[in-house]
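One structure is given here, and the rest of the page talks about it.
The values are calculated or read from the model by the stated rules, or taken from the named source; none is laboratory data. Here the structure is a predicted model, which means the values were calculated and not measured. For neighbour counting, all protein chains shown are included, and Cβ atoms are generated from backbone atoms with ideal geometry for every residue, glycine included. We work out accessible area using only protein heavy atoms, side chains counted, and drop any ligands, DNA or RNA first. Shrake-Rupley method; radii C 1.70, N 1.55, O 1.52, S 1.80 Å.
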2 protein chains.
Amino acid sequence: MESKPAVNMLSALGHEGRLAVFRLLVKAGPQGIAAGEIARGLAVPPNSLSANLNILSHAGLIASRREGRSIIYSADYGAMSRLLAFLMEDCCGGAPEICTPLDAILARAKACAPGSAC
Amino acid sequence: MESKPAVNMLSALGHEGRLAVFRLLVKAGPQGIAAGEIARGLAVPPNSLSANLNILSHAGLIASRREGRSIIYSADYGAMSRLLAFLMEDCCGGAPEICTPLDAILARAKACAPGSAC
DNA sequence: TCCATATTTCCAATATTATGGAAATGAAGG
DNA sequence: CCTTCATTTCCATAATATTGGAAATATGGA
């Protein structure tokens with residue numbers, strides 16, 4: 001990934017409210033959540049939420065689709081993976097021993113499949 | 001990791017100049033680079049750089065030590081790992097298939113040890 | 001002590017971002 | 001066509017971040 005889209009993603013996620021929205025969408029899975037439901041769940045006014053959803057969307061981190069009267073938002077896992085890859089590349093280009101903790105992190109993350117205690 | 005320090009880190013990295021600094025420091029390894037050398041390398045005025053180093057430092061992403069007249073900055077790999085872990089956790093809590101691309105990413109990152117073609 | 005180097009701090013101007021009320025748009029149903 | 005619901009857009013205000021010049025601090029050496 002280039003540097004500029006990575007900056008946009010990081011900047012989009014570097015905001016308490018937006019990170020909360022993104023985490024919620026990631027947990028929700030590909031089916032996504034309606035904007036109104038997000039607003040109720042996180043207790044934020046709908047216009048602020050809309051602005052933040054727009055920022056996340058422009059950063060490429062989330063997608064949206066209309067379903068009846070609602071607009072459903074969902075996390076873009078590919079974008080997330082690319083961002084993580086971008087951050088990891090530099091990390092491991094410097095010193096090989098930096099990579100090894102990531103193995104453990106990934107193993108733990110994988111153990112957190114839905115249904116497990118985590 | 002809690003949400004707040006993660007937001008601080010993401011926000012710190014969500015800036016073109018600071019991301020460039022951090023990437024440079026990550027690539028430089030634990031020995032770090034002097035502030036002046038960073039400024040010359042990235043062609044930024046020293047006072048702006050100082051402000052950005054301060055933001056990265058407050059976010060916990062870099063450390064500094066004085067060495068003679070220079071101040072040497074270095075990336076905090078532990079902080080970086082914790083941030084990646086934080087992002088991965090939610091990612092994998094949602095759907096297990098999201099984790100699998102990260103395996104490939106990590107394998108590729110590990111292959112990029114210094115000296116290899118990458 | 002005096003000077004040169006390295007970096008930070010101070011400060012003000014500018015730009016960007018965040019916030020929330022109110023109005024506008026779009027969709028479904030009677 | 002009218003009403004209701006869901007969401008966005010518009011707008012103004014407030015807050016925060018970015019930038020760079022100039023001065024201040026700290027270190028090492030003559």
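Taking every residue in segment B:80-101 that is farther than 18 Å from residue B:2 by Cα and pairing it with any residue that is surrounded by fewer than 20 Cβ atoms within 10 Å (Cβ to Cβ) and at pLDDT below 65, at least 6 positions away or on another chain, the pairs with Cβ-Cβ distances below 6 Å are B:96/A:113.
Being among the acidic types (Asp, Glu) and modelled with pLDDT of 85 or more is a description that applies to residue B:76. Looking at A:10, A:87, A:53, just one residue is buried (at least 21 other Cβ atoms within 10 Å of the Cβ) and modelled with pLDDT under 95, and that residue is A:87. Within the set B:40, B:18, the sole residue that is out of contact with any Gly (no Cβ under 7 Å at 6 or more places or on another chain) and under 18 Å from residue A:13 (Cβ atoms) turns out to be B:18.
For segment B:29-46, the set of residues classified as within 14 Å of DNA strand D (Cβ to nearest atom) and within 14 Å of chain A (Cβ to nearest Cβ) consists of B:42 only. If you go through segment A:26-50 and keep only what is aliphatic (A, V, I, L, M) and either at pLDDT 95 or above or not in a helix (DSSP H, G or I) (or both), you end up with A:33, A:34, A:35, A:38, A:39, A:42, A:43, A:44, A:49.
Scanning segment B:71-82 for residues that are open to solvent by 50 Å² or more (accessible area, probe 1.4 Å) and within 16 Å of DNA strand D (Cβ to nearest atom) yields a total of 1.
For segment B:38-56, a residue qualifies if it is touching a residue at least 12 places away in the same chain (Cβ under 8 Å) and either over 17 Å from residue A:90 (Cα atoms) or of a type in the set (Gly, Ala, Ser) (or both), and the qualifying residues are B:41, B:44, B:48, B:49, B:50, B:52, B:53, B:55. What about residue B:17, is it of a type outside the set (S, T, N, Q), at pLDDT 95 or above and within 13 Å of DNA strand D (Cβ to nearest atom)? Yes; evaluated as a whole, the condition is true for this residue. Within segment B:29-53, the set of residues being within 13 Å of DNA strand C (Cβ to nearest atom) and of a type in the set (A, V, I, L, M) comprises B:33, B:34, B:35, B:38, B:39, B:42, B:44, B:49, B:51, B:53.
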